[in-house]
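**Student:** Structure below; questions to follow.
The values are calculated or read from the model by the stated rules, or taken from the named source; none is laboratory data. This structure is a prediction, so every number in the text was calculated from the model and none was measured. Every residue, glycine among them, receives a Cβ derived from its backbone with ideal geometry; neighbour counts consider all protein chains shown.
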Amino acid sequence: MDKKIICIVQARTGSTRLPNKIFLDLQGKTVLGQVIDRLNYSKLITQIVIAAPNKKEDDVIEEFVKKNYEDVGIYRGSEDDVLDRYYQAAKKYNADVIIRITSDCPLIDSVEVDKVIQAYLDNGVDYCANILGKRTYPRGLDTEVFSWDVLSSIWHKALEKEDREHVTLYIRKHPKLYSTYNVEYIKDYSQYRITLDTPEDYALIQLLYKQLFPDKLDIEYVVDMLESNQELIDINKHIKQKYGQY
């Protein structure tokens, strides 16, 4: 029986540094819309599910998904307990394998996502990602893959607030309990930041989309443009990564 591979994208409208960022415009579509469109190119994902908080201000996310993407699932759950939001979403859609993506990654590359999924399937580990140990991917292409059994395990075991907020942190904090595999890119591009968390990030991503959308937004084209334009790198190189909920 084929595994049901569900990509759960956590999304919310609240953001301290860039409010409502998932509905900002990128070449005529919202950030969230671009994330969904790019993930739809995956050859391994069975279904995409958006997991949003059950707060009234996030009703717009559910409305957006239902209006524009009939094949994309939606789950509403706890804002603070993101681990539970993932667990309940995966349960609702009968996931065998879960892909974790965040909605602030409008340059997510389906080819690289599929590489992480395939590495997970090939290596038989509990948890596979491209953010473990030595990071080689730019920030903004983060991909994590794990099974329903592993998600259920951490849902039952993780009791600390930070473990409930960060979904897979419990796995990384207890390496003896879970087997892992890290996917590394052929080159080290870890110094580049192409995630969306601040106005500076948005300014950079807008420029990248303007120049490369729709056919040249893969990792090599993006990095080539950054490396040939230092002024682009300077736009957001001072931003410190913030680790928070979605």
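**Student:** Could you check the stretch 144-246 for helices (runs of 4 or more DSSP H) lying wholly inside it with 2 or more residues that are aliphatic (A, V, I, L, M) and under 30 Å from residue 87 (Cβ atoms)? Steps first, please.
**Tutor:** On the way: elements: 148-157, 161-165, 169-173, 199-212, 219-227, 230-236.
Qualifying helices (runs of 4 or more DSSP H): 148-157, 169-173.
**Student:** Then there is this: Which residues, taken from the stretch 202-226, are of a type in the set (A, V, I, L, M, F, W, C), surrounded by 14 or more Cβ atoms within 10 Å (Cβ to Cβ) and without any contact (Cβ under 8 Å) to a residue 60 or more places away in the chain?
**Tutor:** Within the stretch 202-226, the first condition is being of a type in the set (A, V, I, L, M, F, W, C), and the residues that meet it are 203-205, 207-208, 212-213, 217, 219, 222-223, 225-226.
If we keep only those that are surrounded by 14 or more Cβ atoms within 10 Å (Cβ to Cβ) as well, we get 204-205, 207-208, 212-213, 217, 219, 222-223, 225-226.
Across the stretch 202-226, the qualifying residues are 204, 207, 212, 225, 226.
**Student:** More than 23 Å from residue 24 (Cα to Cα), touching a helix residue (DSSP H, G or I) at 6+ places or on another chain (Cβ under 7 Å) and surrounded by fewer than 22 Cβ atoms within 10 Å (Cβ to Cβ): which single residue out of 131, 45, 74, 98 fits that description? Steps first, please.
**Tutor:** Values: 131 fails: touching a helix residue (DSSP H, G or I) at 6+ places or on another chain (Cβ under 7 Å); 74 fails: more than 23 Å from residue 24 (Cα to Cα); 98 fails: surrounded by fewer than 22 Cβ atoms within 10 Å (Cβ to Cβ).
Step by step, each of 131, 45, 74, 98 is checked, and only 45 is more than 23 Å from residue 24 (Cα to Cα), touching a helix residue (DSSP H, G or I) at 6+ places or on another chain (Cβ under 7 Å) and surrounded by fewer than 22 Cβ atoms within 10 Å (Cβ to Cβ).
**Student:** May I ask you to list the residues in the stretch 134-143 that are among the β-branched types (Val, Ile, Thr) and either outside any loop (DSSP other than H, G, I, E, B) or buried (at least 20 other Cβ atoms within 10 Å of the Cβ) (or both)? Lay out the reasoning, then the answer.
**Tutor:** First pass over the stretch 134-143, keeping only residues among the β-branched types (Val, Ile, Thr): 136, 143.
Once the filter is applied, which keeps residues that are among the β-branched types (Val, Ile, Thr) and either outside any loop (DSSP other than H, G, I, E, B) or buried (at least 20 other Cβ atoms within 10 Å of the Cβ) (or both), the stretch 134-143 yields only 143.
**Student:** Among the residues that make up the stretch 52-61, is at least one of them outside any helix (DSSP H, G or I) and crowded, with 19+ Cβ neighbours inside 10 Å?
**Tutor:** Taking the stretch 52-61 as the starting set, the residues that turn out to be outside any helix (DSSP H, G or I) are 52-55.
The next check asks that each one be crowded, with 19+ Cβ neighbours inside 10 Å; those that pass are 52-53.
Within the stretch 52-61 (the criterion being outside any helix (DSSP H, G or I) and crowded, with 19+ Cβ neighbours inside 10 Å), the answer is yes, since at least one residue qualifies.
**Student:** Does the stretch 34-46 include one or more residues that are without any contact (Cβ under 8 Å) to a residue 60 or more places away in the chain and outside any helix (DSSP H, G or I)? Reasoning before the result, please.
**Tutor:** Initially, the stretch 34-46 is screened for residues without any contact (Cβ under 8 Å) to a residue 60 or more places away in the chain, giving 36-37, 46.
Filter again for outside any helix (DSSP H, G or I), leaving 46.
Scanning the stretch 34-46 turns up at least one residue that is without any contact (Cβ under 8 Å) to a residue 60 or more places away in the chain and outside any helix (DSSP H, G or I).
**Student:** Moving on. Of all residues in the stretch 103-121 being of a type outside the set (A, V, I, L, M) and buried (at least 22 other Cβ atoms within 10 Å of the Cβ), which is farthest from residue 219 (Cα to Cα)? Break it down into steps so the answer makes sense when it comes.
**Tutor:** Taking the stretch 103-121 and keeping what is of a type outside the set (A, V, I, L, M), we get 103-106, 109-110, 112, 114-115, 118, 120.
If we keep only those that are buried (at least 22 other Cβ atoms within 10 Å of the Cβ) too, we end up with 103-106, 109, 120.
Details: 103: 18, 104: 16, 105: 13, 106: 12, 109: 7, 120: 21 Å.
Only one residue fits best here, namely 120.
**Student:** Considering 35, 65, which residue is buried (at least 19 other Cβ atoms within 10 Å of the Cβ) and closer than 21 Å to residue 111 by Cβ?
**Tutor:** Values: 65 fails: closer than 21 Å to residue 111 by Cβ.
Result of the check over 35, 65: 35.
**Student:** Right, here's the next one. Among all residue pairs at least 6 apart or on different chains, which show Cβ distances below 9 Å where the first residue, located in the stretch 139-168, is within 18 Å of residue 103 (Cα to Cα) and the second is of a type in the set (Gly, Ala, Ser) and modelled with pLDDT under 95?
**Tutor:** Pairs found: 165/244; 166/244.
**Student:** Taking the stretch 164-201 as the region of interest, how many residues are over 30 Å from residue 238 (Cβ atoms) and surrounded by 21 or more Cβ atoms within 10 Å (Cβ to Cβ)?
**Tutor:** The initial filter retains those residues of the stretch 164-201 that are over 30 Å from residue 238 (Cβ atoms), namely 164, 170-171, 174-181.
Restricting the remaining residues to those that are surrounded by 21 or more Cβ atoms within 10 Å (Cβ to Cβ) gives 164, 170-171.
Count: 3.
**Student:** Scan the stretch 14-42 for residues that are under 18 Å from residue 99 (Cβ atoms) and of a type in the set (Gly, Ala, Ser) and jot them down.
**Tutor:** If the condition is that a residue be under 18 Å from residue 99 (Cβ atoms) and of a type in the set (Gly, Ala, Ser), then 42 is the only one that fits.
**Student:** Does residue 235 satisfy the condition of being surrounded by 17 or more Cβ atoms within 10 Å (Cβ to Cβ), under 23 Å from residue 130 (Cα atoms) and in contact (Cβ under 8 Å) with a residue 12 or more places away in the chain? Before the answer, list the steps.
**Tutor:** Working: surrounded by 17 or more Cβ atoms within 10 Å (Cβ to Cβ): yes; under 23 Å from residue 130 (Cα atoms): no; in contact (Cβ under 8 Å) with a residue 12 or more places away in the chain: yes.
Against the criterion (surrounded by 17 or more Cβ atoms within 10 Å (Cβ to Cβ), under 23 Å from residue 130 (Cα atoms) and in contact (Cβ under 8 Å) with a residue 12 or more places away in the chain), residue 235 does not qualify.
**Student:** Sticking with this structure for a sec: What is the one condition in (1) in a helix (DSSP H, G or I); (2) in contact with a Leu (Cβ under 9 Å, 6 or more places away or on another chain) that residue 101 does not satisfy?
**Tutor:** With (1) in a helix (DSSP H, G or I); (2) in contact with a Leu (Cβ under 9 Å, 6 or more places away or on another chain) applied to residue 101, the lone miss is (1).
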